[in-house]
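Please read the structure below before turning to the comments.
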């Protein structure tokens with residue numbers, strides 16, 4: 001991002017300085033005290049070979065950077081040479097030259113210009129290339145026009161081309177905003193330049209004491225760098241800089257975004273893929289990759305758990321096989337207790353699932369899943385739970401709620417009485433399921449003495465079985481079979 | 001008497017010397033080969049996307065039982081820690097008997113635009129740590145985070161403390177709002193969303209330019225005037241060019257991760273203020289209770305010393321050590337003093353906690 005190297009200009013500068021040296025030292029014009037003329041051609045030739053178009057990219061880049069960076073130093077040397085030549089001719093002294101601010105060329109535009117603009121100039125990306133040229137063209141052609149017609153930018157758009165007009169207005173506005181913010185930044189950089197000189201003068205004043213004087217051009221140059229850096233740091237750390245910097249970056253981003261949007265609109269019209277589309281695909285791809293990675297890792301964790309369970313099982317088996325393992329072995333007794341205690345909890349979950357399903361939430365899924373868990377965890381009791389529901393699907397919890405819902409649906413304009421009926425119906429359904437659950441629990445725990453009472457689920461089943469002449473024998477038989485183990489408590 | 005005491009003849013002599021150096025330097029530059037870097041042999045132990053974890057091979061077997069994993073910043077290439085034979089943190093740590101691994105992030109491209117800090121820290125770093133632990137046959141490892149990689153290491157350790165035995169941070173920003181933090185001042189009011197939504201991945205050139213603009217006169221001018229002084233010394237010139245190569249060999253920054261880092265670290269300063277979340281995890285530096293060694297540079301213009309010093313009050317560890325190195329952000333790896341002081345300090349500290 002440095003300024004382009006102009007080797008020829010460098011050579012000319014040195015030529016000029018050499019002539020000044022000759023004049024100052026009174027050398028024979030035919031001689032070249034430090035490489036002027038024919039000798040100068042040697043190093044100029046060397047620089048020429050090291051230009052960006054010669055071979056050896058890395059070395060050329062290094063040379064280019066070096067020359068670009070050293071421009072300030074060269075400028076200072078030239079200023080000093082001019083002052084020295086004047087001195088020898090009876091003109092002002094070097095010190096006077098500095099006091100009078102005679103320091104041309106020391107501060108190149110590459111460092112005292114707008115660094116943000118220079119940075120942005122090199123930005124890669126869609127809508128970024130040629131940004132600088134784009135801004136220049138805009139400033140030259142559209143700038144004056146927009147300046148005169150600034151008010152028109154806020155006029156409302158209408159008609160068939162409303163969208164386009166709005167986009168054009170917005171584009172012009174963001175360009176103008178950027179120019180304004182960039183100008184603010186430039187003014188701040190100018191302030192840095194002024195303060196650098198002020199600090200430099202102070203530092204020079206400090207060196208007027210004997211013993212502290214500057215005795216080489218290089219020392220003077222270093223002092224200048226110190227002054228410039230101090231001035232720059234003071235401003236770059238200020239709140240004003242913070243605000244201006246953010247404003248110029250944001251303004252440029254808005255220009256870029258606007259230009260990108262325009263390009264996308266044209267691409268869309270031509271049926272060409274756009275950056276937004278590619279980004280969208282990239283975003284989805286990354287989300288998928290993340291999800292896949294998580295699944296993969298979870299699966300790996302699952303496999304690790306299975307492996308750990310297998311190890312534990314083997315350990316338990318080994319412990320069981322030890323002599324006296326059954327005689328009051330706490331290790332083996334504990335899992336057994338745990339297994340016993342876990343079963344009723346499972347049944348409770350099943351009831352809860354059934355209850356919630358009557359409220360219309362995830363109907364079926366939980367109720368279906370719960371008995372299955374019951375079967376897995378406690379064979380006999382879970383089986384009863386499942387069978388109790390399968391006795392009559394029309395009465396079972398998840399389905400029980402349907403009539404009331406259907407009733408409500410049949411009357412879209414529900415009256416208050418209809419709502420009350422629906423509510424009562426849902427309430428009764430809930431109660432019956434809860435009671436059924438209690439009955440099942442009672443059965444599961446070996447209870448269920450006597451005849452079920454009230455409107456419990458089990459009682460409903462019983463009533464249904466008694467009243468229904470057409471009830472299949474299989475159903476009744478199955479129902480009895482379910483209860484046979486424990487005195488038919490579920491009836 | 002004025003401030004200048006330069007005789008005209010001395011002035012022209014100085015100019016002649018400068019000109020002659022440049023002439024000879026132009027010739028020397030033409031004879032130089034491309035500089036190399038990363039001299040210590042290494043083996044790949046883990047790879048994922050563009051990330052590679054390497055294990056360095058020393059001249060002798062490591063004596064340390066717990067390996068060190070170096071987590072470098074995303075904004076530069078990690079070979080700064082192994083630049084050349086006489087400027088290598090890695091080589092010197094190996095010589096001390098440490099077992100050294102390193103994460104090389106690679107160069108993100110457009111495909112990595114959507115990588116988040118969660119992907120980097122809870123994803124890449126976590127899996128790299130696991131891979132190193134598995135490779136070394138240990139449950140916990142030592143983590144050495146550098147600069148932005150240090151901030152990442154702090155986040156990682158706070159979220160996964162059971163995976164880290166000892167934590168070392170070098171030139172790591174912790175408090176992003178110290179008054180001397182220029183980068184923070186510049187980014188504080190910027191619209192991070194507008195910035196990333198517009199340019200996507202943040203180009204390396206833009207990052208480099210921002211770093212140069214921290215000290216524009218020194219880094220764009222004075223440094224190259226100084227280069228003329230060494231133009232006729234091939235070895236010094238190669239060292240200079242090697243450093244130049246590293247400085248400008250920068251990866252682009254994944255857009256989403258940059259957005260989060262800018263918003264939560266530079267703007268929100270959440271690492272010390274609290275409220276930082278990476279993915280669905282909360283980052284609480286108080287959970288860092290293992291031993292912590294914090295090394296910072298006293299003349300660091302990128303990460304001011306006070307920014308690093310803030311770690312002491314933020315971590316929950318009772319075993320906290322702090323070393324102030326006399327040098328800059330880069331000098332802490334490549335200066336002669338750094339070679340003498342930093343690796344032994346790290347080794348001794350770890351040895352006392354092995």
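The numbers here are math on the coordinates, done by the rules we state, and not lab data. Owing to the predicted nature of the structure, the values given are computational and were not obtained by experimental measurement. Positions of Cβ are generated from backbone atoms using ideal geometry, with glycine treated the same way; all protein chains shown enter the neighbour counts.
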Number of partner chain Cβ atoms within 10 Å, mean per residue of A:68-75: 6
Could you work out the mean count of beta carbons from other protein chains within 10 Å of each residue's beta carbon in B:30-43? 2
How long, wide and thick is the range B:39-130, going by the Cα atoms along their three principal axes, in whole angstroms, largest first? 41, 26, 17
Sort B:254-263, A:208-217 by the packing proxy (mean of other Cβ within 10 Å over each peptide's residues), most packed first. B:254-263, A:208-217
Pseudo-spin-label distance residue B:270 to residue B:57, built 7 Å along Cα→Cβ, given in nm, is 4.4 nm
With a Förster radius of 51 Å, plug the Cβ-Cβ distance of residue B:107 and residue A:318 into 1/(1 + (r/R0)^6) and report the FRET value to the nearest 0.05. 0.40
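Kirkwood hydrodynamic radius, chain B, all distinct C-alpha pairs: what's the number in Å?
Result for chain B stands at 21.5 Å.
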Computed E for residue B:312/residue B:232 - FRET, C-beta separation, R0 45 angstrom, nearest 0.05: 0.45
On full extension of the chain, what length is gained from residue A:296 through residue A:262, given 0.36 nm per residue of separation minus the C-alpha to C-alpha distance? 8.0 nm
Order the peptides B:78-84, B:31-37 from the highest to the lowest mean number of other Cβ atoms within 10 Å of their residues. B:78-84, B:31-37
Expressed in nm to one decimal, what extension gain is obtained for the pair residue B:134 and residue B:282 from 0.36 nm per residue of sequence separation less their Cα-Cα distance? 50.7 nm
Quick shape check on the range B:1-88: root eigenvalues a ≥ b ≥ c of the Cα gyration tensor, a/c under 1.5 is rounded, otherwise prolate if a/b tops b/c, else oblate, and it reads prolate
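Where does each of B:278-291, B:301-314 land if you order them by average Cβ count within 10 Å, highest first?
With the highest mean Cβ count within 10 Å placed first, the list reads B:301-314, B:278-291.
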At residue A:233 and residue A:160, where each label point lies 7 Å from the Cα along Cα→Cβ, what is the point-to-point distance in nanometres? 6.4 nm
Using a Förster distance of 60 angstrom, determine the FRET efficiency expected from the C-beta separation of residue B:33 and residue A:288, and round it to 0.05. 0.85
So how tilted is helix B:148-159 from the main axis of chain B? Cα-based, degrees 0 to 90, rounded to 10. 10 degrees
Rounded tilt (10° steps) of B:126-136 against the dominant C-alpha axis of chain B: 90 degrees
Averaged across B:100-112, how many Cβ atoms of other chains sit within 10 Å of each residue's Cβ atom? 1
When DSSP beta bridges are limited to those with both residues in chain B, what percentage is antiparallel, rounded to the nearest 5? 40 percent
Cα long-axis angle, helix B:234-248 against chain B (0 to 90 degrees, to the nearest 10): 50 degrees
